[in-house]
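First the structure, in the form of structure tokens, and then the observations on it.
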Amino acid sequence: MSKVIAIANQKGGVGKTTSAVNLGAGLAAQGKKVLLLDTDPQGSLSICMGYTEPDKLEVTIVDVIEKLVNEEDIPEGYAILKHSENIDLLPSNIGLSAAEVSLVNVMSRELVLKDYVDQIKEQYDFVIIDCMPSLGIMTVNALACADTVLIPVQSAFLPVKGLQALIKTIYTVKRRLNSKLEIEGILLTMVDSRTNYAKDIVAEVNEVYGKSLPVFPIEIPLSIRAAETSAISKSIFEYDHKGKVAAAYAALTDVVIRNS
Ligand code: ATP
Ligand code: MG
């Protein structure tokens with residue numbers, strides 16, 4: 001049985017892509033077959049996976065969407081790239097902006113990605129979708145085909161406030177499009193445990209959301225080593241495997257496997 005996890009938060013820069021890469025790598029290191037889907041026109045996930053100029057890629061999620069909209073068959077392995085840590089990647093690039101706009105006129109536009117994910121998911125143990133920082137059609141598409149949503153939250157005041165809009169969207173998608181959708185958990189990221197401020201934020205998230213939603217018992221520490229991985233096409237496990245961020249993502253991986 002495969003599990004589809006969307007990593008979403010409309011707030012930018014909260015650690016969605018970093019979490020997609022490192023959860024994906026953690027799962028692959030445990031022998032799981034993993035596909036990462038980049039659904040962000042920024043292509044940050046594709047860049048992190050080593051495709052440093054995504055706009056030069058010839059085949060991406062944009063072509064997959066075009067085929068889906070035109071009801072064409074998608075050949076096996078179409079557009080999928082391989083990463084050395086045993087992870088498959090469906091890359092994205094700036095073309096996805098235009099593709100997202102053109103979906104407005106497509107029938108069942110919220111379910112286009114689901115068409116694709118339903119076709120390929122049995123080949124994988126985990127499909128992880130890195131969402132863009134918006135609650136637009138692509139994010140709704142990701143939520144419509146996911147089993148669960150993982151919500152990274154940067155341990156800072158404003159990102160915590162923005163959670164209500166995301167949670168409302170998740171419940172609307174659950175009611176209208178995908179009744180099985182659940183919340184995998186809220187993941188606090190970039191936690192600077194040396195400061196009282198970070199401790200207050202962690203306590204606030206647990207207090208405000210912890211009763212009604214799962215909050216992971218793991219916090220991702222703030223670390224320059226984590227930030228550096230974005231540019232070197234390696235996960236934190238390859239780059240700094242003894243560090244605290246690797247330990248945190250390994251613990252997150254264990255929880256996700258236990259939940260599946
Ligand atoms: P966007 O909304 O633009 O897609 P995002 O939510 O995907 O952003 P990331 O790209 O994962 O966020 O992270 C934002 C920035 O923070 C990046 O420069 C990344 O390298 C850095 N970063 C991520 N995790 C950590 C961490 N634990 N410690 C320090 N820096 C981090
Ligand atoms: Mg991102």
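Would you check if there is a residue in region 22-36 being over 13 Å from the mean Cα position of the chain (by Cα) and under 19 Å from residue 138 (Cβ atoms)?
No, every residue in region 22-36 fails to be over 13 Å from the mean Cα position of the chain (by Cα) and under 19 Å from residue 138 (Cβ atoms).
Name the residues in region 208-245 that are of a type in the set (A, V, I, L, M) and farther than 15 Å from residue 188 by Cα, would you?
224, 227, 231, 232, 236
Scan (1) within 26 Å of residue 148 (Cα to Cα); (2) more than 17 Å from the chain's Cα centre (by Cα); (3) of a type outside the set (Asp, Glu) for the single condition residue 239 breaks and write down its number.
Status for residue 239: all satisfied but (1).
With the checklist (1) in contact with a strand residue (DSSP E or B) (Cβ under 7 Å, 6 or more places away or on another chain); (2) away from ligand 2 (no atom under 15 Å from the Cβ); (3) modelled with pLDDT of 95 or more in hand, flag the one item residue 89 doesn't pass.
Answer for residue 89: the failing condition is (2).
If you go through region 219-228 one residue at a time, how many are closer than 17 Å to residue 251 by Cα and surrounded by fewer than 18 Cβ atoms within 10 Å (Cβ to Cβ)?
Of the residues in region 219-228, 0 are closer than 17 Å to residue 251 by Cα and surrounded by fewer than 18 Cβ atoms within 10 Å (Cβ to Cβ).
So which of 77, 31, 26 ends up being more than 11 Å from ligand 2 (Cβ to nearest atom), part of a helix (DSSP H, G or I) and either of a type in the set (Val, Ile, Thr) or modelled with pLDDT of 95 or more (or both)?
Answer to the selection: 26.
Table: residues versus (1) in contact with a helix residue (DSSP H, G or I) (Cβ under 6 Å, 6 or more places away or on another chain); (2) farther than 20 Å from residue 10 by Cβ; (3) within 16 Å of ligand 1 (Cβ to nearest atom); (4) not small (Gly, Ala, Ser).
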| position | (1), (2), (3), (4) |
| --- | --- |
| 71 | no, yes, no, yes |
| 82 | no, yes, no, yes |
| 102 | no, yes, no, no |
| 128 | yes, no, yes, yes |
| 136 | no, no, yes, no |
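I need a count of the residues in region 215-233 that are over 17 Å from the mean Cα position of the chain (by Cα) and part of a loop (DSSP other than H, G, I, E, B).
4
Can you work out which of the residues in region 1-18 that are within 8 Å of the chain's Cα centre (by Cα) and part of a strand (DSSP E or B) is surrounded by the fewest Cβ atoms within 10 Å (Cβ to Cβ)?
The qualifying residue surrounded by the fewest Cβ atoms within 10 Å (Cβ to Cβ) is 5.
So residue 21 fits all but one of (1) surrounded by fewer than 24 Cβ atoms within 10 Å (Cβ to Cβ); (2) within 16 Å of ligand 2 (Cβ to nearest atom); (3) assigned to a helix (DSSP H, G or I); what number is the exception?
(1)
One residue is enough: does region 140-148 have a residue meeting the conditions outside any helix (DSSP H, G or I), touching a residue at least 24 places away in the same chain (Cβ under 8 Å), within 16 Å of ligand 1 (Cβ to nearest atom) and under 22 Å from residue 42 (Cβ atoms)?
No, region 140-148 has no match at all.
The values are calculated or read from the model by the stated rules, or taken from the named source; none is laboratory data. Because the structure is a prediction, the values reported are computed rather than measured. Methodologically, a virtual Cβ is constructed for each residue, glycine included, from the backbone with ideal geometry; neighbour enumeration extends over all protein chains shown.
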